[in-house]
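Peer 1: Take this structure, written in structure tokens, and hold onto it; I'll ask about it next.
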């Protein structure tokens, strides 16, 4: 009986031990399928080293990404650059330089239009007056042919008549002609000064506009470098707009200077041609005065011979 009881108790103990050992395996089999969804456990566990290793790989491309973002943000600005937008975004000093150069260019073209009309009208009038008195034999006849018109030729004829009237009773023809020639020279010089009005403005604009534009460029580039140092970047998309704004001042200076120089040279040739016509009118007046003097002396000699 004792052996049967021992065998039964031993069998029960073995069954309990087998049941206790089989319980953790079943628990692991039940929890194993739920392990993959639980992803927060590795993040919550600070022990594994691989969790800290991705940090450098994420921080390394941060700078290129920022630069790429800046390039993308400034790329539209580079495409939208125009003279007006560059002027509006320029410095106050550069804006003042550009406005001054634009005003100088406006003055240049105004002088060009005004002087072209003036020289054309005056040359046409003087040529017409010279044709009218081409067959005149005396100062009085020449004045009658011209009528009451004003101009350089009527002024020369009036000066000759005035000198002949004031020198009445003087027998020295050389003195009369010398004084008349002096009056003619004064009239020609005054006409030369009058016809050159505006030429000095063209010469000044043509000589100084490039340097004024260069000053605006230097000032703008200085501000661009200051902006580069503040932004701490050498990206071309950031640097280029400021340099372009500075160079715009030089471009406007050249736009103002080149036409001014060309127009000045053009008017120098036209003025020289007009002054040659004025000298021709002075010579015609001197010849008419000489004829009147010879004619008056001839009439005196003929009356003396008749007496």
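The values are calculated or read from the model by the stated rules, or taken from the named source; none is laboratory data. Since we're looking at a predicted model, the values are computed, not measured. A quick note on method: Cβ atoms are made from the backbone with ideal geometry, for glycine too, and the neighbour counts reach across all protein chains shown.
Peer 1: Do you know which residues across segment 193-202 are surrounded by fewer than 14 Cβ atoms within 10 Å (Cβ to Cβ) and part of a helix (DSSP H, G or I)?
Peer 2: Passing the criteria: 193, 194, 200.
Peer 1: Checking the condition surrounded by 15 or more Cβ atoms within 10 Å (Cβ to Cβ) and at pLDDT 90 or above, which residue from 156, 146, 130 passes?
Peer 2: Result: 156 is the single residue among 156, 146, 130 that is surrounded by 15 or more Cβ atoms within 10 Å (Cβ to Cβ) and at pLDDT 90 or above.
Peer 1: What number of residues within segment 92-127 satisfy the criterion of being within 22 Å of residue 193 (Cβ to Cβ) and surrounded by 14 or more Cβ atoms within 10 Å (Cβ to Cβ)?
Peer 2: 12
Peer 1: Out of the residues in segment 216-233 that are over 20 Å from residue 106 (Cα atoms) and touching a residue at least 24 places away in the same chain (Cβ under 8 Å), state the one that is surrounded by the most Cβ atoms within 10 Å (Cβ to Cβ).
Peer 2: Ranking the qualifying residues of segment 216-233, first place goes to 220.
Peer 1: Sort out which residues of segment 239-260 are more than 8 Å from the chain's Cα centre (by Cα), crowded, with 17+ Cβ neighbours inside 10 Å and modelled with pLDDT of 80 or more, and write them in order of number.
Peer 2: 244, 245, 246, 257, 259, 260
Condition check ((1) more than 30 Å from residue 210 (Cα to Cα); (2) outside any loop (DSSP other than H, G, I, E, B); (3) touching a residue at least 12 places away in the same chain (Cβ under 8 Å)) across all residues:
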| site | (1), (2), (3) |
| --- | --- |
| 104 | no, yes, yes |
| 140 | yes, yes, yes |
| 149 | yes, no, yes |
| 156 | yes, yes, yes |
| 169 | yes, no, no |
| 183 | yes, yes, yes |
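Peer 1: Does residue 213 satisfy the criteria of being part of a helix (DSSP H, G or I) and surrounded by 17 or more Cβ atoms within 10 Å (Cβ to Cβ)?
Peer 2: yes
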